[in-house]
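First the structure, in the form of structure tokens, and then the observations on it.
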Amino acid sequence: MFRNPREGRFQATPLWGGAPQKATKGVVAFDFDKDGLMDAAFTHAESPGLSLWRNIEGKRLEAGPFPKLNLTNGWGLAAVDYDNDGWIDLVAVGFAGSNAHIILLRNEVGAGFREVTRETGLDKVNLENPSSLVTADNDGDGDADLLVTQNGAPPMLLRNDGGNKNNWLRITLKALADNRSAVGTKVEVFAGTLYQKFEVQSSSAYLGQNAPEILVGLGDVKDSFRMSQASRIVSSTATSIPSPNGTRMGNRFGVMMSLLPCVSNWPE
């Protein structure tokens, strides 16, 4: 791990609390417990294959609550809210022995993760030699789909059916001058009692790049929300949010022209 001191060179920092680590392949940073600090998940070249690390006060990482997984060699992974309940889940591909698998872990309201691979039908997916894993709303229906690349085999697109039963918000960021992809932008979304933090990243886990837009699950919130964006001058837009009963909210955020964090409130 390397800490950015904001001045000078990056500093190698032991953040693991002395725990020995297996060789890593992919990494994602996400705030799974909603404490405002970015936690981390890694895939490993040997058992346990996948690990979760909680950020403790921005000073160190400690092993987080995780179910026992039969994954001996992890590859691609992604942090994604597959059911739009407002809690970020984890999905990973890898091997248990010689058998390829995709594993989906549901965030249990920040208390830990529960494997829901069988519940969601992903145990029926036959992978040959999975490598990277990226997310995007490929069909534009408001829930995140998955794309798995395979070494020596065609990529596999997995469509999410039903994840958009909860409300959702799509945020697209575009800088007006330099850094037009808005990489590094931090976004906080408040919707009812839900709080979520996101960062626009330039790469995703192992040899992948997720869609640059932010797809935010809002659960059953459908009347108001606000967004706090800490960045340089950025123009941001958000599409309307269809819900099962046809309500719409948050048609746009407009243009943000401040160098300070901005807050918008768009009830409809």
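Listed here are the pairs 34/186; 165/197; 197/222; 124/197; 22/197; 68/124; which of them are more than 25 Å apart at the Cα?
Result: 124/197; 22/197 exceed 25 Å.
Using a Debye calculation, one point per C-alpha and no hydration shell, please list log10 I(q)/I(0) for segment 1-133 at q = 0.10, 0.21 Å⁻¹ in order. So the normalised log intensities are -0.33, -1.29.
What FRET efficiency do you get for residue 128 and residue 183 if R0 is 25 Å and r is their Cβ-Cβ distance, rounded to the nearest 0.05? Show your work: numbers first, answer last.
Numbers: r = 33 Å, r/R0 = 1.30.
E(calc), rounded to 0.05, equals 0.15.
Applying the criteria of a DSSP loop state and at most 16 other Cβ atoms within 10 Å to the trypsin sites (Lys or Arg not before Pro) of segment 151-188 yields 159, 180.
Taking 7 Å steps out from each Cα toward its Cβ at residue 13 and residue 47 produces label points 3.3 nm apart.
Computed from label points 7 Å out along Cα-Cβ, the spacing between residue 165 and residue 56 is 3.9 nm.
Charged side chains reduced to their Cβ positions (Lys and Arg at +1, Asp and Glu at -1) give segment 1-122 a dipole of some 520 debye around its Cα centre.
Model label points for residue 151 and residue 201, set 7 angstrom from Cα along the Cα-to-Cβ axis, are 2.1 nm apart.
Read the figures in this text as sums done on the coordinates, not as results from a lab. The structure presented is a predicted model; accordingly, all values stated were derived computationally and were not measured. Heads up, the Cβs are rebuilt from the backbone with ideal geometry, glycines too, and the neighbour counts pull from every protein chain shown.
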